[in-house]
1. Ignoring ligands, DNA and RNA, please state the percent of accessible area on the stretch 32-114 from carbon and sulfur, probe 1.4 Å.
2. Do you know the relative contact order of the chain, to the nearest whole percent, from alpha carbon pairs under 8 angstrom that are 6+ apart?
3. Non-local amide H neighbours of ILE208 (under 5 Å, H modeled in plane, Pro and chain starts lacking H): which ones?
4. Name the lysines eligible as straight-distance cross-link partners of LYS252: C-alpha to C-alpha under 18 Å, and not fewer than 8 places from it in the same chain.
5. I'd like the orientation of helix 141-154 relative to the chain: the angle between its Cα long axis and the longest Cα principal axis, in ° from 0 to 90, rounded to 10.
6. So with the 1.4 Å probe, I'd like the accessible area per residue for the chain, rounded to whole Å².
7. Within the stretch 194-257, what whole-number % of the accessible surface is contributed by carbon and sulfur, with the 1.4 Å probe and all protein chains included in the calculation?
8. So which chymotrypsin sites (Phe, Trp or Tyr not before Pro) in the stretch 48-110 pass both tests, a DSSP loop state and at most 12 other Cβ atoms within 10 Å of the Cβ?
Amino acid sequence: MEVKTLKVEANLGKSHILKGISIHAKEKEFVGIIGPNGSGKSTLLKCIYRTLQPSAGTIFLDDKDIKEFSMKESAKKMAVVSQHNNYNFDFTVSDIVLMGRSPHKRFMEKDNVKDYEIMEESLERVGMTDYAKRSFSSLSGGEKQRIILARALAQKAHCLILDEPTNHLDIKYQLQFMATVKKLGITVISAIHDLNIAALYCDKIYAIKDGEVVSFGTPKEVLTKELIKFLYEVDVKIIENEETGILNIIYKPFCLK
(Lines give C-alpha, C1' and ligand atoms only; values in the text may rest on other atoms or scores of the structure.)
Protein backbone atom coordinates (compact mmCIF):
# COMPACT_ATOMS: atom_id res chain seq x y z
CA MET A 1 0.00 0.00 0.00
CA GLU A 2 1.19 3.52 -0.80
CA VAL A 3 0.81 6.35 1.69
CA LYS A 4 1.19 10.02 0.75
CA THR A 5 0.76 13.26 2.61
CA LEU A 6 0.40 16.42 0.56
CA LYS A 7 1.17 19.76 2.26
CA VAL A 8 -0.26 18.61 5.58
CA GLU A 9 -0.54 21.27 8.27
CA ALA A 10 -1.58 20.88 11.89
CA ASN A 11 -2.26 23.29 14.74
CA LEU A 12 -2.31 22.39 18.42
CA GLY A 13 -3.84 25.29 20.29
CA LYS A 14 -2.03 28.37 19.06
CA SER A 15 1.03 26.40 17.95
CA HIS A 16 1.55 25.74 14.24
CA ILE A 17 3.15 22.28 14.49
CA LEU A 18 3.16 21.02 10.89
CA LYS A 19 3.83 23.55 8.14
CA GLY A 20 3.08 21.79 4.89
CA ILE A 21 4.55 18.28 5.20
CA SER A 22 4.65 16.10 2.09
CA ILE A 23 5.98 12.54 2.30
CA HIS A 24 5.59 9.46 0.13
CA ALA A 25 5.91 5.85 1.32
CA LYS A 26 5.81 3.46 -1.61
CA GLU A 27 4.44 -0.07 -1.38
CA LYS A 28 6.56 -2.24 0.97
CA GLU A 29 8.94 0.66 1.65
CA PHE A 30 10.31 1.24 5.14
CA VAL A 31 10.24 5.01 5.69
CA GLY A 32 11.82 6.64 8.74
CA ILE A 33 10.89 10.04 10.17
CA ILE A 34 13.69 11.67 12.17
CA GLY A 35 14.04 15.00 13.91
CA PRO A 36 14.53 16.56 17.34
CA ASN A 37 11.89 16.52 20.06
CA GLY A 38 9.04 18.87 19.18
CA SER A 39 9.77 18.81 15.46
CA GLY A 40 6.37 17.31 14.59
CA LYS A 41 7.12 13.61 14.05
CA SER A 42 4.38 12.25 16.30
CA THR A 43 1.91 14.89 15.15
CA LEU A 44 2.44 13.84 11.53
CA LEU A 45 1.88 10.19 12.38
CA LYS A 46 -1.28 11.01 14.35
CA CYS A 47 -2.63 12.79 11.29
CA ILE A 48 -1.90 9.72 9.17
CA TYR A 49 -3.54 7.26 11.54
CA ARG A 50 -6.44 9.64 12.16
CA THR A 51 -6.30 10.53 15.83
CA LEU A 52 -5.62 14.13 14.81
CA GLN A 53 -7.37 16.12 12.10
CA PRO A 54 -4.99 18.14 9.88
CA SER A 55 -5.85 21.82 9.55
CA ALA A 56 -4.85 21.71 5.87
CA GLY A 57 -3.52 19.30 3.27
CA THR A 58 -4.49 15.79 2.18
CA ILE A 59 -3.50 12.25 3.11
CA PHE A 60 -3.80 9.50 0.52
CA LEU A 61 -3.95 5.72 0.87
CA ASP A 62 -3.27 4.20 -2.55
CA ASP A 63 -4.13 7.55 -4.19
CA LYS A 64 -7.50 7.72 -2.41
CA ASP A 65 -8.21 10.54 0.04
CA ILE A 66 -8.21 9.03 3.53
CA LYS A 67 -11.40 10.96 4.32
CA GLU A 68 -13.23 8.65 1.88
CA PHE A 69 -12.52 5.67 4.16
CA SER A 70 -14.52 4.93 7.28
CA MET A 71 -12.45 4.61 10.46
CA LYS A 72 -13.00 0.85 10.33
CA GLU A 73 -11.86 0.66 6.71
CA SER A 74 -8.68 2.60 7.40
CA ALA A 75 -8.02 0.39 10.47
CA LYS A 76 -8.02 -2.63 8.15
CA LYS A 77 -5.33 -0.93 6.09
CA MET A 78 -3.18 0.63 8.84
CA ALA A 79 -2.02 -0.72 12.19
CA VAL A 80 -0.33 1.43 14.82
CA VAL A 81 2.31 0.89 17.50
CA SER A 82 2.55 4.05 19.59
CA GLN A 83 4.81 5.05 22.47
CA HIS A 84 2.26 4.84 25.29
CA ASN A 85 0.00 1.83 25.82
CA ASN A 86 -1.79 1.87 29.16
CA TYR A 87 -5.20 0.40 29.95
CA ASN A 88 -7.53 1.07 32.87
CA PHE A 89 -8.71 -2.54 32.90
CA ASP A 90 -6.67 -5.65 33.63
CA PHE A 91 -6.62 -7.47 30.28
CA THR A 92 -4.69 -10.64 29.58
CA VAL A 93 -2.03 -10.59 26.88
CA SER A 94 -4.20 -12.72 24.59
CA ASP A 95 -7.09 -10.26 25.04
CA ILE A 96 -4.85 -7.37 24.00
CA VAL A 97 -3.66 -9.18 20.86
CA LEU A 98 -7.20 -10.22 19.94
CA MET A 99 -8.15 -6.52 19.92
CA GLY A 100 -6.23 -6.37 16.66
CA ARG A 101 -9.00 -8.44 15.08
CA SER A 102 -11.66 -5.79 15.87
CA PRO A 103 -11.63 -4.05 12.45
CA HIS A 104 -12.52 -7.40 10.86
CA LYS A 105 -15.50 -8.08 13.14
CA ARG A 106 -19.13 -7.05 13.10
CA PHE A 107 -20.54 -5.30 16.16
CA MET A 108 -20.53 -7.70 19.15
CA GLU A 109 -19.24 -10.57 16.97
CA LYS A 110 -17.33 -13.13 19.03
CA ASP A 111 -13.78 -14.22 18.34
CA ASN A 112 -13.57 -17.42 16.33
CA VAL A 113 -11.02 -20.17 15.75
CA LYS A 114 -9.27 -18.16 13.02
CA ASP A 115 -8.93 -15.16 15.33
CA TYR A 116 -7.28 -17.31 17.99
CA GLU A 117 -4.95 -18.86 15.43
CA ILE A 118 -3.89 -15.38 14.27
CA MET A 119 -3.41 -14.28 17.89
CA GLU A 120 -1.14 -17.26 18.63
CA GLU A 121 0.80 -16.75 15.41
CA SER A 122 1.30 -13.05 16.21
CA LEU A 123 2.59 -13.79 19.71
CA GLU A 124 4.99 -16.37 18.28
CA ARG A 125 6.41 -13.83 15.81
CA VAL A 126 7.37 -11.47 18.65
CA GLY A 127 8.64 -14.26 20.90
CA MET A 128 5.89 -13.87 23.51
CA THR A 129 3.92 -17.14 23.21
CA ASP A 130 4.48 -18.07 26.85
CA TYR A 131 2.93 -14.76 27.99
CA ALA A 132 -0.56 -15.36 26.52
CA LYS A 133 -2.28 -15.82 29.90
CA ARG A 134 -0.28 -13.17 31.73
CA SER A 135 -1.84 -9.90 32.84
CA PHE A 136 -0.82 -7.12 30.45
CA SER A 137 -0.39 -4.70 33.37
CA SER A 138 2.19 -7.00 34.98
CA LEU A 139 4.59 -6.72 32.03
CA SER A 140 7.62 -4.49 31.72
CA GLY A 141 7.57 -1.57 29.30
CA GLY A 142 9.56 -3.52 26.74
CA GLU A 143 7.33 -6.59 27.04
CA LYS A 144 4.23 -4.43 26.61
CA GLN A 145 5.66 -2.93 23.44
CA ARG A 146 6.22 -6.37 21.94
CA ILE A 147 2.62 -7.33 22.78
CA ILE A 148 1.36 -4.16 21.09
CA LEU A 149 3.36 -5.15 18.00
CA ALA A 150 1.68 -8.57 18.16
CA ARG A 151 -1.70 -6.80 18.29
CA ALA A 152 -0.74 -4.81 15.19
CA LEU A 153 0.35 -8.02 13.42
CA ALA A 154 -3.02 -9.59 14.27
CA GLN A 155 -4.69 -6.71 12.46
CA LYS A 156 -3.27 -8.03 9.16
CA ALA A 157 -2.95 -4.50 7.80
CA HIS A 158 -1.03 -3.46 4.70
CA CYS A 159 0.72 -0.56 6.43
CA LEU A 160 2.30 -0.24 9.87
CA ILE A 161 2.72 3.11 11.63
CA LEU A 162 5.34 3.16 14.40
CA ASP A 163 5.85 6.06 16.80
CA GLU A 164 9.36 5.64 18.25
CA PRO A 165 8.53 1.98 19.00
CA THR A 166 11.85 0.86 20.48
CA ASN A 167 12.23 3.50 23.21
CA HIS A 168 11.43 1.01 26.00
CA LEU A 169 13.45 -1.91 24.64
CA ASP A 170 17.00 -3.02 25.35
CA ILE A 171 19.42 -3.44 22.45
CA LYS A 172 18.59 -7.09 21.71
CA TYR A 173 14.86 -6.45 21.52
CA GLN A 174 15.29 -3.18 19.60
CA LEU A 175 17.03 -5.13 16.84
CA GLN A 176 14.61 -8.04 17.10
CA PHE A 177 11.61 -5.70 16.95
CA MET A 178 12.86 -3.85 13.88
CA ALA A 179 13.94 -7.05 12.12
CA THR A 180 10.46 -8.50 12.69
CA VAL A 181 8.87 -5.38 11.21
CA LYS A 182 11.28 -5.36 8.25
CA LYS A 183 10.43 -8.98 7.40
CA LEU A 184 6.70 -8.27 7.21
CA GLY A 185 7.04 -7.08 3.63
CA ILE A 186 4.51 -4.27 4.09
CA THR A 187 4.67 -0.48 4.03
CA VAL A 188 6.13 0.93 7.24
CA ILE A 189 6.29 4.56 8.39
CA SER A 190 8.18 5.01 11.63
CA ALA A 191 9.31 7.92 13.77
CA ILE A 192 12.77 6.89 14.94
CA HIS A 193 14.83 8.37 17.76
CA ASP A 194 17.99 6.27 17.26
CA LEU A 195 19.78 7.30 14.07
CA ASN A 196 21.78 4.06 13.92
CA ILE A 197 18.50 2.10 13.96
CA ALA A 198 17.27 4.34 11.14
CA ALA A 199 20.45 3.67 9.17
CA LEU A 200 20.07 -0.10 9.62
CA TYR A 201 16.45 -0.55 8.63
CA CYS A 202 15.10 2.37 6.60
CA ASP A 203 14.86 2.43 2.82
CA LYS A 204 14.15 6.16 2.92
CA ILE A 205 14.33 8.84 5.58
CA TYR A 206 12.55 12.17 5.98
CA ALA A 207 14.23 14.66 8.32
CA ILE A 208 11.86 17.15 9.98
CA LYS A 209 12.68 20.29 11.92
CA ASP A 210 10.20 22.91 13.17
CA GLY A 211 7.35 21.23 11.30
CA GLU A 212 9.02 21.18 7.89
CA VAL A 213 10.87 18.56 5.83
CA VAL A 214 14.48 19.70 5.58
CA SER A 215 15.90 16.61 3.83
CA PHE A 216 14.81 13.26 2.43
CA GLY A 217 16.43 10.35 0.63
CA THR A 218 18.32 7.16 1.42
CA PRO A 219 20.06 6.87 4.80
CA LYS A 220 23.38 7.63 3.14
CA GLU A 221 21.95 10.76 1.51
CA VAL A 222 20.26 12.10 4.65
CA LEU A 223 22.46 11.02 7.55
CA THR A 224 25.37 13.37 7.01
CA LYS A 225 27.48 15.17 9.62
CA GLU A 226 26.11 18.48 8.43
CA LEU A 227 22.45 17.53 8.61
CA ILE A 228 22.78 15.86 12.01
CA LYS A 229 24.49 18.99 13.32
CA PHE A 230 21.67 21.13 11.89
CA LEU A 231 18.93 18.91 13.36
CA TYR A 232 20.30 18.03 16.76
CA GLU A 233 23.15 20.51 17.37
CA VAL A 234 25.64 17.70 18.01
CA ASP A 235 28.86 16.70 16.27
CA VAL A 236 29.26 13.17 14.91
CA LYS A 237 31.62 10.92 13.07
CA ILE A 238 30.09 8.68 10.41
CA ILE A 239 31.68 5.39 9.39
CA GLU A 240 30.42 3.39 6.41
CA ASN A 241 30.91 -0.37 6.40
CA GLU A 242 32.76 -1.16 3.18
CA GLU A 243 31.05 -4.54 2.74
CA THR A 244 27.45 -3.72 3.66
CA GLY A 245 27.30 0.05 3.09
CA ILE A 246 25.59 0.42 6.49
CA LEU A 247 26.36 3.64 8.35
CA ASN A 248 27.53 3.80 11.96
CA ILE A 249 27.03 7.16 13.65
CA ILE A 250 29.38 7.96 16.52
CA TYR A 251 28.50 10.93 18.70
CA LYS A 252 31.17 13.27 19.94
CA PRO A 253 30.82 14.34 23.60
CA PHE A 254 30.03 17.89 24.56
CA CYS A 255 32.93 19.86 25.97
CA LEU A 256 31.24 21.57 28.88
CA LYS A 257 32.88 24.68 30.27
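1. Result for the stretch 32-114: 50 percent of the exposed heavy-atom area is carbon or sulfur.
2. Relative contact order comes out at 25 percent.
3. Excluding prolines and chain starts, which carry no amide H, the hits are ILE34, GLY35, VAL214.
4. Leaving aside lysines fewer than 8 places away in the same chain, those within reach of LYS252 are LYS225, LYS229, LYS237.
5. 70 degrees
6. Ligands and nucleic acids excluded, the figure is 53 Å² per residue.
7. Accessible surface attributable to carbon and sulfur in the stretch 194-257 totals 54 percent.
8. TYR87, PHE89, PHE107
The values are calculated or read from the model by the stated rules, or taken from the named source; none is laboratory data. No experiment lies behind these values; they were computed from the predicted model shown. Because the Cβ atoms are built from the backbone with ideal geometry, glycine has one as well, and the counts that use them run over all protein chains shown. Just the protein is used for accessible areas: all its heavy atoms, side chains included, with ligands, DNA and RNA removed. Shrake-Rupley method; radii C 1.70, N 1.55, O 1.52, S 1.80 Å.
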